[in-house]
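Engineer: Take this structure, written in structure tokens, and hold onto it; I'll ask about it next.
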Amino acid sequence: MRLEEEFSHCDNYDEEEEPKTMSQCSIGALQQQQQQKFVVVGYALTSKKIKSFLQPKFEGLARNKGILFVAIDQNRPLSDQGPFDIVLHKLTGKEWRQILEDYRQTHPEVTVLDPPDAIQHLHNRQSMLQCVADMNLSTSYGRVGVPRQLVIKKDASSIADAVDKAGLILPLVAKPLVADGSAKSHELSLAYDQYSLQKLEPPLVLQEFVNHGGVLFKVYIVGEAIKVVRRFSLPDVTKRELSKVTGVFRFPRVSCAAASADDADLDPSVAELPPRPLLERLAKELRWRLGLRLFNLDIIREHGTRDRFYVIDINYFPGYGKMPGYEHIFTDFLLSLVQSRYKKRSS
């Protein structure tokens, strides 16, 4: 742990303002903090992520636990800043990835959350779910797989033939191939008939739609901690509906905080959370296979079953601000990272 001479926010922090440096903080506050040692977390986040994640309550709790968040200046060399115990980031671009990779090589004592190459793996929906498919996880608590899917990189006119050749069953969920966190990457469409498939816009991934009672489970993972919440999702499609409905129906981001299903009056068979031991096994395997510690899973249960689950999406550094109790979970996680590093050094 280090004493940092630059702080991201003052005690009178206004969440609408940009992060402030030491020159903007009061000298009195700095003198008080100089008598303490802090875990210093440098962060490089979008303004939207800063607002949703670094909420005043969270920063206040972190400060009380000895954690300081410091804004990384992207206009200065990263190695000239700090020193940091942890670097927390969610920025995109080849230049930024290279900066982080170089920094990891020259500063092995700093924990980077998470390795940029590992994050890149989740930006492509073709590779995103492959690790889940390779696991073929099956335990006494249930089975976890992925829906059958097909990647279409170009030529919408050939989609129908490709779907027929692959043997996929309608309706099909269409998602953008690139999952970069943008609003567009979260949009999806539901195609009911083969003729309408030509209206889709490649590059994209087509997934067989699995009826799941209109509810999905968001599984937030922060290191070894797991938190599950229910979210409303697309409703089931009946055989009668499938025989009468045609076309492509487009949806914005389906799962969001406003669509919470935790307090809804649901059928118990739909509302029942996936078994904890199954989620722990899944999370442990994915942490190892993905090389990530901050991500979430969108999981559905096949309607009419108790133990058949599908992972339909994986997101890096999701909206933890929507996760109940994230303040304590995340601060404990950050402290555990530093403690683990000290134990390794002293052993």
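The values are calculated or read from the model by the stated rules, or taken from the named source; none is laboratory data. Source: prediction; values computed, not measured. Glycine gets a Cβ as well: all are built from the backbone with ideal geometry, and neighbour counts include every protein chain shown. Note: accessible area is taken over every heavy atom of the protein model, side chains too, but ligands, DNA and RNA are not part of it. Shrake-Rupley method; radii C 1.70, N 1.55, O 1.52, S 1.80 Å.
Engineer: Ordering His328, His121 by accessible area with a probe of 1.4 Å, largest first, what comes out?
Structural biologist: His328, His121
Engineer: With the Cα gyration tensor of segment 121-316 in hand, give its eigenvalues times 5 under a square root as the equivalent ellipsoid semi-axes, listed largest first in whole angstrom. Display every interim value, and only then the final one.
Structural biologist: Values: eigenvalues 141, 78, 49 Å².
Working through the eigenvalues yields semi-axes of 27, 20, 16 Å.
Engineer: Can you give me the distance in nm between label points at Arg104 and Ile169, each placed 7 Å from the Cα along the Cα-to-Cβ direction?
Structural biologist: Between Arg104 and Ile169, the simple spin-label model gives 4.1 nm.
Engineer: Where both partners of a DSSP beta bridge lie in the chain, what percent of those bridges are antiparallel, to the nearest 5? Intermediate results must be reported in sequence, preceding the final value.
Structural biologist: Numbers: 43 of 58 bridges.
Percent antiparallel among DSSP bridges in the chain is about 75.
Engineer: While we're on this one: Given an 8 Å cut-off on Cα distances and at least 6 residues of separation, report the relative contact order of the chain as a percent. Write down the numbers at each step before the final one.
Structural biologist: Working: 585 pairs, mean separation 59.7, N = 347.
Dividing the mean separation by the residue count of the chain yields 17 percent.
Engineer: Give the separation of the Cα centroids, segment 260-294 to segment 120-171, in Å.
Structural biologist: Their Cα centres are 20 Å away from one another.
Engineer: Now a separate question. Have a look at Gly142, Gly60, Gly167 and tell me which one the Gaussian network model of the chain (Cα, springs below 10 Å) gives the largest fluctuation.
Structural biologist: Gly167
Engineer: Report the GluC sites (Glu not before Pro) located in segment 70-110 that are in a DSSP loop and have at most 16 other Cβ atoms inside 10 Å of their Cβ, or state none. Please list the in-between numbers first.
Structural biologist: Details: sites: Glu95, Glu101, Glu109; in loops: Glu109.
Within segment 70-110, the qualifying GluC sites (Glu not before Pro) (loop, at most 16 other Cβ atoms within 10 Å) are Glu109.
Engineer: Sorted from largest down, what three extents in whole angstroms do the Cα atoms of the chain have along their principal axes?
Structural biologist: Result for the chain: principal-axis Cα extents of 72, 43, 42 Å.
Engineer: Mind computing the radius of gyration and Dmax over the alpha-carbon atoms of segment 232-309? Å is fine for both.
Structural biologist: Here Rg and the maximum Cα pair distance are 15.9, 45 Å.
Engineer: I need the calculated FRET efficiency for the pair Lys343 and Phe251, taking r as the beta carbon distance and R₀ as 41 Å, to the nearest 0.05. Please report the intermediate quantities before stating the final value.
Structural biologist: On the way: r = 47 Å, r/R0 = 1.15.
So, using R0 = 41 Å, E works out to roughly 0.30.
Engineer: Another question about this same structure. Ranked by accessible surface with a 1.4 Å probe, highest first, in what order do Glu285, Glu224 come? Don't skip to the answer; put the middle values down first.
Structural biologist: Details: Glu285 55, Glu224 155 Å².
If we order Glu285, Glu224 from most to least accessible, we get Glu224, Glu285.
Engineer: Let me spell out the model: positive unit charges on the Cβ of Lys and Arg, negative unit charges on the Cβ of Asp and Glu, origin at the Cα centre of segment 121-316. What dipole size does that give, in debye rounded to 20? Each step should come with its number before you reach the end.
Structural biologist: Details: 27 positive and 23 negative charges, 63 e Å.
My answer is approximately 300 debye.
Engineer: Quick one: order Arg231, Arg308, Arg341, Arg148 from most to least accessible surface, probe 1.4 Å.
Structural biologist: On the way: Arg231 10, Arg308 50, Arg341 70, Arg148 115 Å².
Output order, biggest surface exposure first: Arg148, Arg341, Arg308, Arg231.
Engineer: Output the 0 to 90 degree angle, nearest 10, between the alpha-carbon long axis of helix 94-106 and the longest principal axis computed from the alpha carbons of the chain.
Structural biologist: The helix 94-106 is inclined about 50 degrees to the chain.
Engineer: Further question on the same structure: How far apart, in nm, are two points set 7 Å out from the Cα along the Cα-to-Cβ line at Glu241 and at Lys184?
Structural biologist: Going from the Glu241 label point to the Lys184 one covers 2.9 nm.
Engineer: Relative to the longest principal Cα axis of the chain, at what angle does helix 276-290 sit, 0 to 90 degrees, rounded to 10?
Structural biologist: 70
Engineer: Shape call for segment 140-183 from the C-alpha gyration tensor, a ≥ b ≥ c root eigenvalues: rounded (a/c under 1.5), prolate (a/b greater than b/c) or oblate? Mind dumping the intermediate values first?
Structural biologist: On the way: a/c = 2.97, a/b = 1.27, b/c = 2.34.
It is oblate, given that a/c is not under 1.5 and a/b is not larger than b/c.
Engineer: Mind pulling the angle between the C-alpha long axis of helix 326-346 and the longest principal axis of the chain? Nearest 10 degrees, somewhere in 0 to 90.
Structural biologist: Its long axis makes an angle of about 60 degrees.
Engineer: How long are the three semi-axes of the equivalent ellipsoid of segment 146-262, in whole Å, if each is the root of 5 times an eigenvalue of the C-alpha gyration tensor, listed from largest down?
Structural biologist: Numbers: eigenvalues 139, 61, 32 Å².
Those come to 26, 17, 13 Å.
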